[in-house]
Every structure is written in structure tokens, then in C-alpha cells.
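See below for the structure under consideration.
The values are calculated or read from the model by the stated rules, or taken from the named source; none is laboratory data. Note that the structure is a prediction, hence the values are computed from the model and not measured. Cβ sites come from the backbone with ideal geometry, for glycine too, and all protein chains shown count toward neighbours. The area values use the complete protein model at the heavy-atom level, side chains included, leaving out ligands, DNA and RNA. Shrake-Rupley method; radii C 1.70, N 1.55, O 1.52, S 1.80 Å.
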Amino acid sequence: RLFDLDPDLLPLFQYNCKQFASPQECLSAPEFLDHIRKVMLVIDAAVSHLENLSYLEEYLCNLGKKHQAVGVKVESFSTVGESLLYMLEKCLGTAFSPDMREAWSKLYGAVVKAMRRGWETLPEGD
């Protein structure tokens, strides 16, 4: 769904300097699947620390810095969020209620808000 919504994101996923020729090639790459696992671990950590997301603040800020360093734009995270909600809806079907959608949107928004601080923090010496 991610590359359907924004094909311009494909070039950001390069592993060992390899540019993927198509979304399908990227989606089947072991490195991309590992990246998806890492994304889901971040989501899992956010769910696990739902009552105290500030616990993850420094980690998420640093994660934002890493994404900025490889050329990811903050705006791209809205596409990732939309893809996450789409996946949840497809997997959960009718169990994915409007309240559940809102809760997931809020959680994802809080994660992105913390990651945004990585873009806003200037490197030392600047």
C-alpha cells in the first residue's frame, strides 16, 4: 500500500547501495522485510508504553534523526500511517471499528510527533 500511495518513497529504500527497479522487488527483499519488522517493534514498544510514551522520547527522537539523515521527509510519515491503518483494517475486518481507528491514529501520531523532534534538533556546533 505504501508505494501505491507514494511511489516516490521507493528510492529511499536502498540497501547496500542497491536501487530497486520496482516496488515488488523492494517488497520481497530480505532487508526491506527486516525494516518492516523494526517498524513493527517500534509500534509494539509504543503500545507497551502507552501510559508513558515519554519513556520512548529519546529513542524516537534519535530514530527521527536517522530517518532525516537518509533523506526521509517528515511528510512521508503520514503515508506510512495511512498504510498502517489500511493494513489494520484489512487484517481485522469489521473488528476495526471507528474508535479503534481513532486510537491507532492517535498512537501513531504520538510516535511521529516524537520522531519529528529529530528533524527539529540541530546537530551540535550549528
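Worth a mention:
- For the stretch 20-67, taking the residues that are open to solvent by less than 70 Å² (accessible area, probe 1.4 Å) and among the small types (Gly, Ala, Ser), the one that is farthest from residue 108 (Cα to Cα) is identified as 22.
- A search for C-beta distances below 7 Å between a residue of the stretch 46-57 that is in contact (Cβ under 8 Å) with a residue 40 or more places away in the chain and any residue that is open to solvent by less than 80 Å² (accessible area, probe 1.4 Å) and not in a helix (DSSP H, G or I), counting only pairs 6+ apart in sequence or on different chains, returns 56/49.
- For the stretch 68-119, a tally of residues being open to solvent by less than 90 Å² (accessible area, probe 1.4 Å), of a type outside the set (A, V, I, L, M) and assigned to a helix (DSSP H, G or I) returns 18.
Results for (1) within 21 Å of residue 6 (Cα to Cα); (2) of a type outside the set (Gly, Ala, Ser), shown as yes or no for each residue.
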| site | (1), (2) |
| --- | --- |
| 40 | yes, yes |
| 69 | yes, no |
| 81 | yes, no |
| 93 | no, no |
| 108 | yes, yes |
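- Qualifying positions in the stretch 84-126 - among the basic types (Lys, Arg) and modelled with pLDDT of 95 or more: 90, 101
- Being at pLDDT below 90, part of a helix (DSSP H, G or I) and open to solvent by 90 Å² or more (accessible area, probe 1.4 Å) is a condition met by at least one residue of the stretch 2-9.
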